[in-house]
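The values are calculated or read from the model by the stated rules, or taken from the named source; none is laboratory data. Worth saying up front: this structure is predicted, and the values here are computed from it rather than measured. A quick note on method: Cβ atoms are made from the backbone with ideal geometry, for glycine too, and the neighbour counts reach across all protein chains shown. Areas reflect the complete protein model, heavy atoms only, side chains present, ligands, DNA and RNA absent. Shrake-Rupley method; radii C 1.70, N 1.55, O 1.52, S 1.80 Å.
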Amino acid sequence: FLRDSSSLVAGGVLAGTVQVARAAHAAGSDEIKIGVVGCGGRGTGAVANALSTDGATKLVAMADAFGDQLQRSLQNLSKFGPKIDVPSERQFVGFDAYRRVLESDIDLILLATPPGFRPQHFEAAVNTGKHVFMEKPVAVDAPGVRRVLAASEIAKQKGLAVAVGLHYRHEPARQETIQRLHDGAIGRIDHYSA
């Protein structure tokens, strides 16, 4: 289980939003149209990160189980002005609202719901041919991990970019520190504590 789940993070999916941005361009346009599922703090933060890049990005669809949460997120994101284009007909509420976002004209979907929903949402996004950024964790149990691994294989076959919010694994400074530890910079490590 651990070997396969870390393989998903390390090699089964593309890591980092830069790779997602490079692969998610709409045909005939450099603008990346984004949808978000899960409009809490992480979802709103992920949208803000995506809209703060140098590339042409626009939020065009939103979904959340709760309408008030979606409205708060939309209000918080209003500072991005013309990069927000989410009229009421592309604001979806309910547990099946993710499907409506996937039916929208988006290139990239940000999945930021509670993690129990992630495997189902990821699988649906891949099946509809969307590029994906999903927050961690990708699943909460072994069946969910297997479902994400299977969808990841399909994403690779379809040439879809997928990234997981495990940024620490991809920061050069942290990678260098870990390499130094493995190379014995502080001696042999024989005990770990949480």
>> Could you tell me how many of the residues in segment 93-102 are touching a residue at least 12 places away in the same chain (Cβ under 8 Å) and farther than 20 Å from Ala161 by Cβ?
In response: 6
> Yes or no: Phe117 within 16 Å of Met134 (Cβ to Cβ) and either surrounded by 24 or more Cβ atoms within 10 Å (Cβ to Cβ) or at pLDDT 95 or above (or both)?
Replying inline: yes
> Quick one: how many residues across segment 164-194 are hydrophobic (A, V, I, L, M, F, W, C) and either open to solvent by 90 Å² or more (accessible area, probe 1.4 Å) or in a helix (DSSP H, G or I) (or both)?
Replying inline: 5
> Which is under 24 Å from Asp64 (Cβ atoms) and part of a helix (DSSP H, G or I), of Pro143, Pro119?
Replying inline: Pro119
> Does Ala24 fit the bill of being buried (at least 21 other Cβ atoms within 10 Å of the Cβ) and either out of contact with any helix residue (DSSP H, G or I) (no Cβ under 7 Å at 6 or more places or on another chain) or modelled with pLDDT under 95 (or both)?
Replying inline: yes
>> Cβ contacts < 8 Å: first residue surrounded by 14 or more Cβ atoms within 10 Å (Cβ to Cβ), restricted to segment 138-161; second residue charged (D, E, K, R) and outside any helix (DSSP H, G or I), any location; separation 6+ or different chain. Result?
In response: Leu160/Lys130
> Within segment 74-89, how many residues are in a helix (DSSP H, G or I), under 19 Å from Leu102 (Cα atoms) and open to solvent by less than 50 Å² (accessible area, probe 1.4 Å)?
Replying inline: 1
>> Restricting to segment 52-73, count the residues that are part of a helix (DSSP H, G or I) and surrounded by fewer than 19 Cβ atoms within 10 Å (Cβ to Cβ).
In response: 5
> In segment 79-114, what count of residues is obtained for those that are touching a Leu at 6+ places or on another chain (Cβ under 7 Å) and of a type in the set (Gly, Ala, Ser)?
Replying inline: 0
